[in-house]
Amino acid sequence: MSMNYKSVLALIAAAVVCANISPAGEGAQPRDASGPHRKFQNLVTDDATLEAWLAIGPAQPEIILEGTPLNEVARNTAKIFNNQFDLILPPADPDLSPMAVQMQLKDVRAIEVFNAMNSYFEVQKLPARWKLTLNGSRPTAILGMERLQAAATPPAETEKIGQTVFSIPDILCASSPASDKQTADNLEDTVAAALDDLQKPGHAKVNAPGGPIIKVHAQAGILVFSGTWEETQLVRSTLQALKDTAQERKAAVLDRGLRAKDESARNEAEDLKNGCSENLKK
């Protein structure tokens, strides 16, 4: 009988202990804080700060943020927890309104809301971080803006070098105004000078170590060029300009020859006419 009585007392005592454990909400004791310092080590500065923020309550059954601007999230969170903590936000520059937060949290305390926001910032690669501290004894949340690291500049690709063969007999055989033919040496110097003038700063000169190479083979009537695509286009344009000039000179020489021939024919016809007139007079 005594054993049964003791068992009943033990059951009543256990029931009383269970009844005193209330769910998270008004008047609830802070949840076990053993170990949360490791969870919040990037959020709080020291144990005193952690203890003060863990004491902020009650825990909220649910907080839903759907694209809410960051500055509004901070102010609304303070209102939800009855302004038990202060906020320090950066000035208007940078503008926080475009930085939106989207989260759905359940059964959370204030410290967990800020911890979740930091996780969100990290995943979304947003340059913002919350730091929780104490201003005297007053819990304070400070929003810091981080500088985004500039993306590493990829190494510049080495420009590819190619060889191109140009046909140049029209340029070499064209007569100059002085009736002298363009020599191979003159052509090589002309193309090299044009290329050096148009070359980008810091690039090696033509036929210098590390620079483009020009070789004229007069007997074969070709110019061999070795350089980048852009340099090759410059040489192509220069040769085309020289060819156009040579053709203009050739056309001018031909025109002068035709005019001289016509003038000679007219003179001969005039002389013949004059001769015939003299014979008739006799």
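Points worth noting:
- Residue (of 45, 56, 82) at the positive-pole extreme of the range 38-145, dipole from beta-carbon charges: 45
- Where N is the number of residues in the range 38-145, Cα Rg divided by 2.2 N^0.38 Å: 0.99
- Rounded to the nearest 0.05, the FRET efficiency derived from the C-beta distance between residue 142 and residue 200 at R0 = 35 Å is 0.10.
- Counting neighbouring Cβ atoms within 10 Å and putting the fewest first, the residues 130, 229, 53 line up as 229, 130, 53.
- Under the criterion of Cα pairs below 8 Å and six or more residues apart, the relative contact order for the range 162-273 equals 32 percent.
- Quarter of the Cα convex hull surface for the range 162-273, i.e. its orientation-mean projected area (nm²): 8.3
- Where labels lie 7 Å past Cα in the beta-carbon direction, separation of residue 244 and residue 258 in nm: 2.2
All of the numbers you see were taken from the coordinates with simple rules; none came from a lab. Please read all numbers here as calculations on a predicted model, not as lab measurements. A quick note on method: Cβ atoms are made from the backbone with ideal geometry, for glycine too, and the neighbour counts reach across all protein chains shown.
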